[in-house]
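Here's the structure we're looking at; comments come further down.
What follows is calculated from the coordinates using simple rules that are stated; it is not laboratory data. Worth saying up front: this structure is predicted, and the values here are computed from it rather than measured. Cβ: placed from backbone, ideal geometry, glycine included. Neighbour counts: every protein chain shown.
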Amino acid sequence: MARLDYSKMTQCVRGHDLTLPGALVMEGPRQRCLQCRRARDQKRHLTEAQRERDNLLRKERRQRKAATHCRQGHKLAGDNLLLVTHYNNGQVERRCRICNRKRDRKRGGEPSLLECQAEMVRTRALFALDDLYERASTWWDKQAIREQRRRLEVG
């Protein structure tokens, strides 16, 4: 296994900037990234309770990431999936749009601009389906349009 030559690199393998003064530290005969070394040392000194808590949080995060439905049973896909980026850490959270809307209404808050635009698009689609239904000549076309309208009304 070849060793990394940190003297020619601008970033370590974890993305830390090595061009800053004091970013490298000598560890025996080779250099190491100081931030990576601090993180490794900090992990070694965690208590058992902290490790268990961190492992539980990781497990919950993985389960939420793999979830296909919200807690109320709504599907987390398509138009019902709302991706929210946290401003403090940049992580993206998947939320149910229906539950989010209910929570906002319960709090007495106004719907967001995105919610209003989505509702407007949905209303336009319903009007377009009504127009298509009027012009449909066969019963199976009308049946397909009724099915599409039902899907839009549920979502």
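Being more than 36 Å from the chain's Cα centre (by Cα), surrounded by fewer than 11 Cβ atoms within 10 Å (Cβ to Cβ), assigned to a helix (DSSP H, G or I) and not charged (D, E, K, R) is the filter here, so list the residues in the range 112-142 that pass it.
Hits for the range 112-142 are Trp139, Trp140.
Do you know which of the residues in the range 83-98 that are among the aliphatic types (A, V, I, L, M) and in a strand (DSSP E or B) is surrounded by the most Cβ atoms within 10 Å (Cβ to Cβ)?
Step one: list which residues in the range 83-98 are among the aliphatic types (A, V, I, L, M), which gives 83-84, 92, 98.
Within this subset, residues satisfying the condition of being in a strand (DSSP E or B) are 83-84, 92.
Numbers: Leu83: 8, Val84: 11, Val92: 9.
Applying the filter and picking the extreme gives Val84.
Considering (1) free of Cβ contacts under 8 Å to residues at least 24 places away in the same chain; (2) touching a Leu at 6+ places or on another chain (Cβ under 7 Å), say which one Arg94 fails and leave the rest.
(1)
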